[in-house]
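**Student:** Structure in structure tokens, see below.
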Amino acid sequence: MTPEAKAPVPAQGYVAIGDKGLKPGALGYMSNLVIGIASTAPAYSLAATLGFIVLIDGVGVRAPAVLIVSFIPMLLVALAYRYLNKADPDAGTTFAWTTRAFGPWIGWINGWAIFVADVIVMASLAVIASQYTYLLFDWQHGASSATWLILGSIVWIALMTWICYRGIELSANTQMFLLSAEILILFVFTVVALAKVYSGNALAGSLHVQATWFNPFALGLTPLVLGVLLGLFIYWGWDSGVAVNEESRDSAEGPGKAAVLSTVLLVLIYVSVSTAAIAYGGTKFLGANSGDVLNALGKNVFGSPWDKLLIIAVLTSASASTQTTILPTARTTLSMAKWGALPEIFGRVHPRYLTPTVSTIGMGVISALWTALLLGFNSNQNVLNDSITALGFSICFYYGFTGVACGWYFRRELFKSARGFVLAGLLPVLGGAMMAFVFIKACIEDSKQVNAYSHPFLGVQVPLLIGIGSLLLGVPFMVLCAVKFKPFFRRKTEVAPPGLI
């Protein structure tokens with residue numbers, strides 16, 4: 001297996017079809033970068049999570065330090081994506097790479113981890129998109145009604161599923177527009193908030209920025225780990241830019257480079273916006289409005305009617321991420337079907353649009369059902385809040401395996417150069433080990449009622465029930481697939497071809 005060459009430009013009127021039926025060469029480097037950043041939903045992630053990080057006992061104003069620490073394992077795992085994609089630009093990403101490195105069983109369960117993480121987060125994304133649509137038009141009843149939130153969420157999921165179904169170029173162009181609006185508004189918010197802090201026009205609890213806010217060594221281990229688990233959720237999603245590798249120009253190089261750069265840009269966005277938010281509102285204000293930090297701040301930072309800008313930022317963020325969550329999930333299940341690990345029906349591709357059909361529509365339908373069930377049986381959204389914490393387990397699981405898989409897959413090449421040893425071996429494996437540590441520590445901490453929003457179910461805390469339970473749910477499905485798809489589960493492990501690093 002050798003790195004894929006740069007996709008040739010097809011003649012006019014001719015559509016090149018890749019190995020899986022996807023459209024090669026449809027996306028450029030900038031599209032990979034935009035999809036990677038948009039998938040993390042910066043504005044939504046901050047609005048939904050920053051207040052909860054601040055509320056963790058022992059964190060407070062040091063939330064920016066937590067976000068800096070959370071960035072480190074993400075950067076190291078992004079290096080793993082960079083080098084594994086160089087060896088095998090497969091739309092299945094972690095599924096394909098861990099299958100090659102560790103065998104079909106580990107590969108299959110990692111594909112499942114990607115799937116369940118994306119389904120779980122879709123409820124939160126769609127609810128926020130629905131809620132902020134109503135807030136944009138000052139319809140408070142709709143924004144607080146479970147029935148209207150369910151209806152709005154289903155509409156958003158259906159719309160974004162249709163865009164993903166309709167073609168990868170439409171998806172990329174939509175992302176470019178939504179992300180541009182989102183980043184511009186966050187930049188303006190940061191500048192205006194800090195200007196008001198230092199001109200004495202901020203809220204009563206405002207604070208001047210201190211260097212200690214960025215010092216992770218001032219944090220205890222437990223608050224740091226709990227903060228990082230939420231921080232991983234904030235960063236998670238940049239790998240979507242790699243999942244469209246088979247539809248990208250320079251598929252072996254561009255998506256991997258975009259993954260690394262996207263994590264760097266994200267830490268700059270998150271640290272600057274969180275610093276401005278804490279400085280302007282103070283920790284008490286952020287904690288009191290933890291469920292909707294940016295909306296609460298917007299009313300004070302911008303005033304009416306300009307406070308609608310932050311509502312638009314969160315709305316575009318959540319809707320963009322809803323779309324870019326469907327993209328990688330559909331491509332993961334498509335890849336698994338093409339490898340013979342899932343029923344062939346999941347590998348169907350539209351003959352005209354060259355996008356996964358059953359995998360895309362199926363993801364939309366399952367996400368809509370999950371969202372309706374979650375809100376229908378828990379209208380106060382406590383379980384929805386716990387699901388955000390639960391996401392950390394799946395994220396740590398498949399990101400961690402990806403980091404370790406990189407070092408193992410390239411093991412015969414690592415000692416040929418110091419650069420290769422560090423970038424393709426030591427750092428990715430270290431990133432994987434950090435993910436494993438957070439996973440184990442989070443299991444311990446999330447077993448305590450104080451760290452959950454819902455009451456335990458059958459004695460098990462809800463974050464553990466959703467996070468670990470969803471992973472374990474994949475085991476019986478994997479066993480059924482092993483019986484049905486024996487050739488795949490008899491695959492042997494592989495090592496990287498020489499010369500790639």
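The values are calculated or read from the model by the stated rules, or taken from the named source; none is laboratory data. Predicted, not measured: the structure shown is a model, and the values here were computed from it. All Cβ positions, even for glycine, are placed from backbone atoms using ideal geometry, and neighbour counts span all protein chains on display. What goes into the accessible areas is simple: the full protein's heavy atoms, side chains included, and nothing from ligands, DNA or RNA. Shrake-Rupley method; radii C 1.70, N 1.55, O 1.52, S 1.80 Å.
**Student:** Could you list, in sequence order, all residues of the stretch 402-412 that are at pLDDT 95 or above, open to solvent by 50 Å² or more (accessible area, probe 1.4 Å) and either closer than 16 Å to Gly237 by Cα or touching a Pro at 6+ places or on another chain (Cβ under 8 Å) (or both)?
**Tutor:** Val404
**Student:** Please work out which one of (1) surrounded by 15 or more Cβ atoms within 10 Å (Cβ to Cβ); (2) more than 26 Å from the chain's Cα centre (by Cα) is the condition Leu430 fails and give its number.
**Tutor:** The single condition Leu430 does not satisfy is (2).
**Student:** Taking the criterion of being in contact with a Lys or Arg (Cβ under 9 Å, 6 or more places away or on another chain), of a type outside the set (S, T, N, Q), part of a loop (DSSP other than H, G, I, E, B) and open to solvent by less than 50 Å² (accessible area, probe 1.4 Å), would at least one residue in the stretch 209-222 satisfy it?
**Tutor:** Of the stretch 209-222, the ones in contact with a Lys or Arg (Cβ under 9 Å, 6 or more places away or on another chain) are 212-216, 218-219, 221-222.
Those still in the list that are of a type outside the set (S, T, N, Q) too: 213-214, 216, 218-219, 221.
From what is left, the residues that are part of a loop (DSSP other than H, G, I, E, B) are 219.
Those left that are additionally open to solvent by less than 50 Å² (accessible area, probe 1.4 Å): 219.
Yes, some residue in the stretch 209-222 is in contact with a Lys or Arg (Cβ under 9 Å, 6 or more places away or on another chain), of a type outside the set (S, T, N, Q), part of a loop (DSSP other than H, G, I, E, B) and open to solvent by less than 50 Å² (accessible area, probe 1.4 Å).
**Student:** Does the stretch 180-208 hold any residues that are surrounded by fewer than 18 Cβ atoms within 10 Å (Cβ to Cβ) and of a type in the set (Ser, Thr, Tyr), and which are they?
**Tutor:** Listed by number, the residues that qualify are Ser180, Tyr198, Ser199.
**Student:** Working only within the stretch 282-293, note down all residues that are open to solvent by less than 20 Å² (accessible area, probe 1.4 Å) and among the β-branched types (Val, Ile, Thr).
**Tutor:** Start the filter on the stretch 282-293 by keeping residues that are open to solvent by less than 20 Å² (accessible area, probe 1.4 Å), which leaves 282, 286-287, 290, 293.
Listed by number, the list holds a single entry, Val293.
**Student:** Now for a separate question. Would you tally the residues in the stretch 433-463 being in a helix (DSSP H, G or I) and open to solvent by less than 30 Å² (accessible area, probe 1.4 Å)? Reasoning before the result, please.
**Tutor:** Here is the first cut: in the stretch 433-463, the residues in a helix (DSSP H, G or I) are 433-445, 449-451, 462-463.
Adding the requirement that they be open to solvent by less than 30 Å² (accessible area, probe 1.4 Å) leaves 435, 438, 442, 445, 462-463.
Going through the stretch 433-463 one residue at a time, the tally reaches 6.
**Student:** Here is a follow-up. Assuming Val127 fulfils every condition listed in (1) open to solvent by 10 Å² or more (accessible area, probe 1.4 Å); (2) more than 20 Å from Ile361 (Cβ to Cβ); (3) within 22 Å of the chain's Cα centre (by Cα) apart from one, which condition is it?
**Tutor:** Val127 satisfies every listed condition except (1).
**Student:** Mind telling me which of the residues Phe397, Phe415 ends up being assigned to a helix (DSSP H, G or I) and surrounded by fewer than 24 Cβ atoms within 10 Å (Cβ to Cβ)? First the steps, then the outcome.
**Tutor:** Numbers: Phe397 fails: surrounded by fewer than 24 Cβ atoms within 10 Å (Cβ to Cβ).
Within the list Phe397, Phe415, the selection yields Phe415.
**Student:** State all residues of the stretch 203-218 that are touching a residue at least 40 places away in the same chain (Cβ under 8 Å) and either farther than 28 Å from Val191 by Cβ or not aliphatic (A, V, I, L, M) (or both); if no residue qualifies, say none.
**Tutor:** Result: Gly205, Ser206, His208, Gln210, Thr212, Trp213, Phe214, Asn215, Pro216.
**Student:** So, one more: State all residues of the stretch 400-412 that are of a type in the set (Phe, Trp, Tyr), farther than 21 Å from Ile440 by Cα and part of a helix (DSSP H, G or I); if no residue qualifies, say none.
**Tutor:** Taking the stretch 400-412 as the starting set, the residues that turn out to be of a type in the set (Phe, Trp, Tyr) are 401, 408-410.
This time we only want the ones that are farther than 21 Å from Ile440 by Cα, so: 408-410.
Those that are of a type in the set (Phe, Trp, Tyr), farther than 21 Å from Ile440 by Cα and part of a helix (DSSP H, G or I): Trp408, Tyr409.
**Student:** Would you please list the contacts, defined by Cβ atoms under 7 Å and residues six or more apart or on different chains, that run from a residue in the stretch 258-284 that is more than 18 Å from Ala63 (Cα to Cα) to a residue that is of a type in the set (Ser, Thr, Tyr)?
**Tutor:** Pairs found: Ala258/Tyr29; Ala259/Tyr81.
**Student:** Here is a follow-up. When you check Val54 against the structure, is it buried (at least 23 other Cβ atoms within 10 Å of the Cβ), of a type in the set (Val, Ile, Thr), modelled with pLDDT of 90 or more and more than 13 Å from Gln175 (Cα to Cα), yes or no?
**Tutor:** Numbers: buried (at least 23 other Cβ atoms within 10 Å of the Cβ): yes; of a type in the set (Val, Ile, Thr): yes; modelled with pLDDT of 90 or more: yes; more than 13 Å from Gln175 (Cα to Cα): yes.
Yes; evaluated as a whole, the condition is true for this residue.
**Student:** Additional query: Restricting the search to the stretch 252-269, which residues are buried (at least 24 other Cβ atoms within 10 Å of the Cβ) and of a type in the set (Gly, Ala, Ser)?
**Tutor:** Those that are buried (at least 24 other Cβ atoms within 10 Å of the Cβ) and of a type in the set (Gly, Ala, Ser): Gly254, Gly256, Ala258, Ala259, Ser262.
**Student:** A follow-up question, please. Here are some residues: Asn385, Asn378. Which one is outside any loop (DSSP other than H, G, I, E, B), surrounded by fewer than 24 Cβ atoms within 10 Å (Cβ to Cβ) and touching a residue at least 60 places away in the same chain (Cβ under 8 Å)? Don't jump to the end; show me each part of the working.
**Tutor:** Values: Asn378 fails: outside any loop (DSSP other than H, G, I, E, B).
Of the residues listed, the single one that is outside any loop (DSSP other than H, G, I, E, B), surrounded by fewer than 24 Cβ atoms within 10 Å (Cβ to Cβ) and touching a residue at least 60 places away in the same chain (Cβ under 8 Å) is Asn385.
**Student:** Turning to a different aspect of this structure: For Trp148, state whether it is at pLDDT 90 or above, of a type outside the set (Ser, Thr, Tyr) and within 21 Å of Gly241 (Cβ to Cβ).
**Tutor:** Details: at pLDDT 90 or above: yes; of a type outside the set (Ser, Thr, Tyr): yes; within 21 Å of Gly241 (Cβ to Cβ): no.
No.
**Student:** Within the stretch 337-375, track down each residue that is small (Gly, Ala, Ser), closer than 28 Å to Phe233 by Cα and surrounded by fewer than 21 Cβ atoms within 10 Å (Cβ to Cβ).
**Tutor:** Across the stretch 337-375, the qualifying residues are Gly362, Ala372.
**Student:** Can you name every residue in the stretch 142-174 that is open to solvent by 30 Å² or more (accessible area, probe 1.4 Å), small (Gly, Ala, Ser) and within 30 Å of Gly25 (Cβ to Cβ)?
**Tutor:** Ala158
**Student:** Would you check which residues across the stretch 321-353 are touching a Pro at 6+ places or on another chain (Cβ under 9 Å) and in a loop (DSSP other than H, G, I, E, B) and list them?
**Tutor:** Trp339, Gly340, Ala341, Arg348, His350
**Student:** Among the residues of the stretch 317-332, are any open to solvent by 20 Å² or more (accessible area, probe 1.4 Å) and β-branched (Val, Ile, Thr)? So that I can check it myself, show each step before the final result.
**Tutor:** Start the filter on the stretch 317-332 by keeping residues that are open to solvent by 20 Å² or more (accessible area, probe 1.4 Å), which leaves none.
For the stretch 317-332, residues open to solvent by 20 Å² or more (accessible area, probe 1.4 Å) and β-branched (Val, Ile, Thr): absent.
**Student:** Hey, among the residues in the stretch 294-316 that are within 20 Å of the chain's Cα centre (by Cα) and open to solvent by less than 10 Å² (accessible area, probe 1.4 Å), which one's farthest from Ile157 (Cα to Cα)?
**Tutor:** Within the stretch 294-316, the first condition is being within 20 Å of the chain's Cα centre (by Cα), and the residues that meet it are 294, 313-316.
If we keep only those that are open to solvent by less than 10 Å² (accessible area, probe 1.4 Å) too, we end up with 294, 313-314.
Values: Leu294: 23, Ala313: 18, Val314: 16 Å.
Restricting to residues being within 20 Å of the chain's Cα centre (by Cα) and open to solvent by less than 10 Å² (accessible area, probe 1.4 Å), the top hit is Leu294.
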